[in-house]
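See below for the structure under consideration.
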């Protein structure tokens with residue numbers, strides 16, 4: 001049904017593009033028609049090819065596999081598919097020699113199709129969830145297990161809005177009790193997440209689920225400590241799990257670096273005047289330098305000079321030892337809501353993250369990235385365990401996943417989990433998503449101090 005709707009949107013979008021190009025006065029004035037108006041039948045004959053190319057592009061981007069995505073994630077995925085669908089359609093049409101086609105029609109059609117498909121899919125998603133909730137027919141999911149992994153799965157499923165989640169308690173982990181729960185609660189899907197069950201019990205439970213047409217999914221224990229992508233390798237004759245290496249290396253690292261340099265250069269130009277004004281205010285309202293430079297731990301544990309606008313009194317580092325016991329965040333990291341060292345202008349700069357602007361210079365120098373784990377001070381990094389040390393496998397960032405997920409309101413453990421998740425799931429789309437979420441997080445100053 002979703003595929004059919006997508007294709008009808010594409011057909012309607014290209015029809016609108018044809019009308020805009022040749023019959024809307026403002027378009028014709030801006031882009032004069034020099035070869036006459038081609039018959040609409042030429043374009044209608046190409047419709048099956050165009051729709052096939054778009055279906056291919058959407059399928060390639062996984063638009064018909066993972067349907068439970070946030071609006072932003074869905075927008076990024078559909079945008080990639082729209083780019084591909086437009087290019088494939090244009091390429092196919094220009095290989096067709098019996099008619100001449102307007103490139104503007106295909107560009108307009110691609111843009112309108114993107115907006116139309118995105119809007120259509122969001123309406124379908126909202127309508128489906130509303131139907132599920134009003135008819136009280138959610139998909140019933142039973143999660144077996146405890147700990148971080150099962151908790152994360154529950155949160156993900158709850159956000160999707162069309163699931164009813166049940167958790168088996170430790171005393172209910174016996175196979176007979178689980179079978180009874182499946183039948184009594186009319187379970188549609190079972191997720192086994194790090195449960196202490198024997199292999200025989202797991203096989204027996206999977207067989208029971210198959211007999212009763214219940215989906216059974218097993219999540220390996222290794223994902224409790226490594227949430228990256230797992231590949232199935234059959235080169236040994238039997239299925240084995242292979243943990244995919246960290247994404248940020250090789251061409252991925254180069255792609256991210258090009259994005260960083262390009263966007264940081266643009267931002268330095270945009271913020272040139274605000275930089276100058278902030279510098280003047282700091283200079284004339286408190287003693288000390290305009291910039292605060294501090295040694296931080298960077299890529300692969302290498303130290304570098306971290307830059308910010310100074311927001312504290314000039315002897316702030318000397319006063320730190322006397323304040324460590326008053327930290328609002330547990331763990332080897334210092335964060336204090338009402339830090340007495342912060343100046344009055346510093347409070348404003350910190351609240352709206354304006355003190356971070358000079359870090360674009362760190363990005364241009366190759367010491368930081370726009371997105372990544374925040375650089376830590378030396379004494380904090382010395383207390384890292386093996387899990388937290390993964391944060392040092394990439395360039396530190398100006399913003400990151402935990403900055404758009406609560407900032408200072410998060411615990412130390414949540415901060416580390418989000419940073420490691422980012423490292424193991426990096427993609428250009430994830431960086432774009434975080435950058436887009438950073439602006440409202442900064443404007444509303446949630447968790448900032």
Yeah, segment 341-445 with a ≥ b ≥ c from its alpha-carbon gyration tensor (a/c under 1.5 is rounded, else prolate when a/b outruns b/c, oblate otherwise) is rounded
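Only Cα pairs under 8 Å and at least 6 apart count here; give the relative contact order of segment 72-160 as a rounded whole percent.
This gives 26 percent for segment 72-160.
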Under the rule rounded for a/c under 1.5, else prolate if a/b exceeds b/c, else oblate, using alpha carbon gyration tensor axes a ≥ b ≥ c, segment 251-443 is classed as oblate
Between residue 412 and residue 44, Cβ-based FRET efficiency (R0 45 Å, step 0.05) works out to 0.15
Contour minus Cα-Cα span, residue 119 to residue 79, at 0.36 nm per residue, comes to 13.2 nm
Expressed in Å to one decimal, the Kirkwood Rh of segment 2-133 from all distinct alpha-carbon pairs is 15.5 Å
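If r is the Cβ-Cβ distance from residue 167 to residue 257 and R0 is 45 Å, what FRET efficiency results, to the nearest 0.05?
That pair, residue 167 with residue 257, gives E of 0.55.
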Rounded to the nearest 0.05, FRET efficiency between residue 175 and residue 129 (Cβ-Cβ, R0 22 Å) equals 0.10
Quick note, segment 1-69: a/c under 1.5 would make it rounded; otherwise a/b > b/c is prolate and the rest oblate (a ≥ b ≥ c, C-alpha gyration tensor); here it is prolate
Of 275-285, 106-116, ordering from highest average Cβ density within 10 Å down gives 106-116, 275-285
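Read-outs: derived from the displayed coordinates by stated rules, not from any lab. Quantities reported herein were computed from a predicted structural model and do not represent experimental measurements. Quick reminder, even Gly has a Cβ in these numbers, built from the backbone with ideal geometry, and neighbours come from all protein chains shown.
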